[in-house]
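Notes follow the structure.
Since every read-out is calculated from the coordinates, none of them should be taken as a lab result. Predicted model only: the values in this text are computed from it and were never measured. Here the Cβ positions follow ideal geometry from the backbone for every residue, glycine too, while neighbour counts run over all protein chains shown.
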Amino acid sequence: MSNPETKGRIALVMPRLSRYGGAESFAWRLAEALARRGHAVDFICARCETEPPEGVRPVVVGRFGGLRAIKILWFALMAERACRRGGYDLVFGMGKTVNQDILRIGGGPIATFWKLSRHAWPAGFPRWFKMARRRLSPSSWAIHRIDVVRFRRTPRLVAVSHLVRDWTVAAFPHLDPAAIEVIYNKPDLARFSPASEEERLALRTGAGIRPGQVVIGTAATNFALKGVRSLLQALARLPHNYVLHVAGGRGPGKYLRLARELGVADRVRFLGRVEDMASFYRSLDVFVLATFYDACSNAVLEALACGCRAVSSARNGSARFLPAHWVFPDPADVPELAAVLLRVSAEERPDPFVWPPEVPCGLEPYVEMIEQAIAR
């Protein structure tokens with residue numbers, strides 16, 4: 001990409017300037033890329049948690065109030081004020097803000113999230129209590145109201161997956177799906193590659209995996225949302241040589257209790273934070289994401305890049321890149337989940353995943369979009 005003829009004053013708006021978290025890391029890298037190309041970049045945020053990229057000026061509007069709803073509304077108000085004072089050529093929004101020239105939609109509307117994720121909690125009081133808390137939460141209604149306003153005011157919308165676009169249009173029918181561009185996150189696939197059979201056997205031995213075991217793996221921070229309960233129930237339906245390894249998360253106590261109740265406690269490992277995810281994927285027979293809601297999981301694509309079979313629920317934006325028979329519709333359908341895992345584990349390992357060249361992804365399309373808008 002050649003250097004732009006027109007240099008602009010650009011505001012990137014997000015609550016946190018940080019490199020921790022998928023959306024935050026993307027925002028940091030986009031700011032860096034724009035500054036390198038000679039643009040004057042301000043990063044409007046509530047908190048600055050890391051050093052900004054060279055040439056990027058943080059504009060910290062702070063946080064106010066003890067309630068989350070107040071913090072959300074305060075940031076929307078103060079970010080709007082900072083944008084007006086800054087006189088920017090272009091404002092690029094990535095948070096819950098009402099006015100911007102371009103808005104990157106990193107997840108679907110909150111009402112859609114409520115609807116799809118409710119079955120992640122057990123039926124009865126746990127589910128009722130969770131839904132009641134959500135519906136009574138002032139912060140939930142603040143987010144919903146901001147969604148209503150920003151989707152009417154923002155002239156250009158970009159979704160991180162086709163699934164997020166479809167969720168957004170379903171919740172706000174006045175939007176034209178053809179007018180919402182889709183640019184995927186592109187994981188660093190250079191870090192992930194298949195292992196030879198000898199390397200794979202060595203990894204499995206080092207991980208304490210016994211000969212003959214079929215290892216199902218998943219990665220989760222929010223165990224409920226990522227369907228770990230469904231996976232434990234599915235494991236109880238699989239042959240005894242099938243085991244489950246869970247990377248990430250913390251406090252697995254209630255899931256260990258459930259594993260004991262199901263009689264599979266000796267077939268489950270909660271590994272906590274895993275630093276070397278490439279080795280984790282390479283040691284598996286099948287990677288599974290039984291998620292109830294996921295805008296576009298990188299983990300599925302990383303596992304594929306390591307030559308691992310990977311299955312996912314249809315409620316994940318990156319399931320678009322999987323063979324149709326590796327995608328199951330409902331993560332709460334335990335018999336179907338068990339059947340998919342049993343079937344796919346017997347299939348040949350796939351060729352390493354290569355990003356389809358016709359699918360826009362990564363930072364470059366955003367940089368080009370912003371520079372074209374400034375030039376106009």
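Given R0 = 41 Å, the distance between the Cβ atoms of residue 153 and residue 36 translates into a calculated FRET efficiency of 0.85. Think of the chain as a dipole: +1 on every Lys or Arg Cβ, -1 on every Asp or Glu Cβ, centred on the Cα centre; then among 53, 123, 138, 138 lies furthest on the positive end. What whole number of Å gives the distance from the Cα centroid of segment 103-120 to the Cα centroid of segment 176-233? Cα centroid of segment 176-233 versus Cα centroid of segment 103-120: 22 Å apart. Here segment 236-284 is treated with +1 on each Lys and Arg Cβ and -1 on each Asp and Glu Cβ, and its dipole about the Cα centre works out to around 160 debye. Filter the GluC sites (Glu not before Pro) in segment 290-372 to those in DSSP coil with at most 13 other Cβ atoms within 10 Å of their Cβ, and list the result. Answer by residue number: 347, 348, 358.
With the contact rule set at Cα under 8 Å and sequence spacing of 6 or more, what percent relative contact order holds for segment 87-233?
Relative contact order, segment 87-233: 24 percent.
For segment 30-101 versus segment 153-173, the spacing of their alpha-carbon centroids is 22 Å. Can you classify segment 189-345 as rounded, prolate or oblate using the Cα gyration tensor, where a ≥ b ≥ c are the square roots of its eigenvalues, rounded means a/c under 1.5, and otherwise it's prolate if a/b beats b/c and oblate if not? Taking the square roots of the gyration eigenvalues as a ≥ b ≥ c, segment 189-345 is rounded. Projecting the Cα atoms of 72, 3, 100 onto the charge dipole of segment 1-101, computed from C-beta unit charges around the Cα centre, puts 72 farthest toward the positive end. Scaled against the 2.2 N^0.38 Å expected of a compact globular protein of N residues, the Cα radius of gyration of the chain reads 1.05. Straight Cα distances below 16 angstrom link residue 96 to the aspartates and glutamates 24, 80, 147, with same-chain residues fewer than 8 positions distant left out. Per-residue ellipticity at 222 nm from helix content only, as computed over the chain with -39500 (n - 2.57) for each DSSP H run of at least four residues, stands at -12000 deg cm²/dmol. When 209, 105 are sorted by how many other C-beta atoms sit within 10 angstrom of their C-beta, beginning with the fewest, the order is 209, 105. In terms of Cα to Cα distance under 18 Å, which aspartates and glutamates are near enough to residue 226, apart from those fewer than 8 places away along the same chain? Within reach: 294, 302, 330, 333, 336. Net charge near residue 119, counting Lys/Arg +1 and Asp/Glu -1 over other residues with Cβ under 15 Å of its Cβ? Local charge sum for residue 119: +4.
Contact order for the chain, expressed relative to its length and based on alpha carbon pairs under 8 Å spaced 6+ residues apart, stands at 15 percent. Neighbour counts of C-beta atoms inside 10 Å place 279, 25 in the sequence 25, 279, starting with the fewest.
Site pair residue 6 and residue 50 shows an inter-label distance of 3.2 nm when each label is modelled 7 Å from Cα along Cα→Cβ.
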